[in-house]
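The values are calculated or read from the model by the stated rules, or taken from the named source; none is laboratory data. Note that this is a predicted model, so its numbers are computed, not measured. Here the Cβ positions follow ideal geometry from the backbone for every residue, glycine too, while neighbour counts run over all protein chains shown.
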Amino acid sequence: MPALNPKTPVYLFGSLLNGLVDLCNSPIQLDLETPTPLFEVLNLLAIPSGKVQLVMVNHRAVYRDHLICPGDRVSLFPREYPFFPDWKDFRF
């Protein structure tokens, strides 16, 4: 029996919600079949990378060239969110 692809939850914060109040506590669920570059995930969500300050995957900050795997937990933080100095290398 083939394994089912797990959903990939994407949590949006602040201005990235774009008025989607119903998503405040719920993620967008993506059906990724293979590891997908982060920039493609942003394109799927119609989010310009210039609006994103930090991306965390499975609770860890990642670089721009990160591959998002099916089932990863993705959190996108906008420019207006505070930024910790030890994450400066992960800034978009």
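In region 6-17, the residues that are closer than 9 Å to residue 70 by Cα and in contact (Cβ under 8 Å) with a residue 24 or more places away in the chain reach residues that are of a type in the set (Asp, Glu) and crowded, with 16+ Cβ neighbours inside 10 Å with C-beta atoms within less than 8 angstrom, at least six apart or across chains, in these pairs: 8/72.
Across region 67-92, the qualifying residues are those that are farther than 17 Å from residue 44 by Cβ and among the basic types (Lys, Arg), and the one among them that is modelled with the highest pLDDT is 79.
Taken over region 45-79, the criterion of being part of a helix (DSSP H, G or I) and either surrounded by 15 or more Cβ atoms within 10 Å (Cβ to Cβ) or of a type in the set (Asp, Glu) (or both) is satisfied by 51 alone. Just one of the numbered conditions (1) at pLDDT 90 or above; (2) surrounded by 10 or more Cβ atoms within 10 Å (Cβ to Cβ) is not true of residue 5: (1). If you check residue 50 against the conditions, is it over 15 Å from residue 89 (Cβ atoms), at pLDDT 95 or above, among the small types (Gly, Ala, Ser) and over 10 Å from the mean Cα position of the chain (by Cα)? So residue 50 fails the test.
Each row is one residue, and each column tells you yes or no for (1) at pLDDT 90 or above; (2) outside any strand (DSSP E or B); (3) farther than 15 Å from residue 92 by Cα.
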{"residue": "1", "(1), (2), (3)": "no, yes, yes"}
{"residue": "26", "(1), (2), (3)": "no, yes, yes"}
{"residue": "29", "(1), (2), (3)": "yes, no, yes"}
{"residue": "39", "(1), (2), (3)": "yes, yes, no"}
